[in-house]
1. Ranking 112, 143, 187 by Cβ neighbours within 10 Å, fewest first, what do you get?
2. How much length is gained if the chain between residue 157 and residue 200 is pulled fully straight, taking 0.36 nm per residue apart and subtracting their Cα-Cα distance, in nm to one decimal?
3. Just subtract the alpha-carbon distance of residue 71 and residue 150 from 0.36 nm times their residue separation and send over the number in nm, one decimal.
4. What order do you get for 196, 73 when you list them from fewest to most C-beta neighbours inside 10 Å?
5. Can you bin every Cα-Cα distance in region 152-202 into 5 Å intervals starting at zero and give me the percent of pairs per bin, rounded to whole numbers?
């Protein structure tokens, strides 16, 4: 496993916790216990407070020893009352140019000669974040870290179309890190964020 993949998995653990603190703490679940066993979800204390959130952020940062990083996440939700199953996800991922890895996550790679470098990954929103043949899940999370194998805007322009293609193939709903739908304005602001990040790194 490359240093990039190790770093992004470290971020993945922290991001899934933070995202689910937000998601399950502020949104009423659309699924009943009969549809999803609660044991399958990340177990997070309902009365989470700011010091705990800051502690999680600190733990994530401890895994990073280089300069400033930016993590970009997109969420693909199944429609209310529905779930994605393994066969749907695997088929859609193949059509969208994603590859299933030995760590049970999907990656988009950049190939240069005989080498391939991970650009971003796709994880399961449910515990423990990986995919398996018996999977049923309410959503996926797309994650990339900056700086990466390409400049920030090129990485965004690679990941976002893949996420949109998966949204189409799985008939889901794509949102940003705040679980808000993508408008033209939001897409434009994300691209501007990528440009700004790149300018601060040079």
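Computed from the coordinates by the stated procedures, all read-outs in this text should not be read as laboratory data. Quick caveat, the model's predicted, so the values are computed rather than measured. Counting neighbours? That spans all protein chains shown, and the Cβs are built from the backbone with ideal geometry, glycine included.
1. Exposure proxy ranking, most exposed first: 112, 187, 143.
2. On the way: separation 43, 0.36 × 43 = 15.48 nm, distance 1.90 nm.
Stretched fully, the residue 157-residue 200 segment lengthens by 13.6 nm.
3. Working: separation 79, 0.36 × 79 = 28.44 nm, distance 1.42 nm.
Contour length minus Cα-Cα distance gives 27.0 nm.
4. Result, fewest neighbours first: 196, 73.
5. Bins of 5 Å from zero give 5, 19, 25, 26, 15, 7, 3, 1 percent of pairs.
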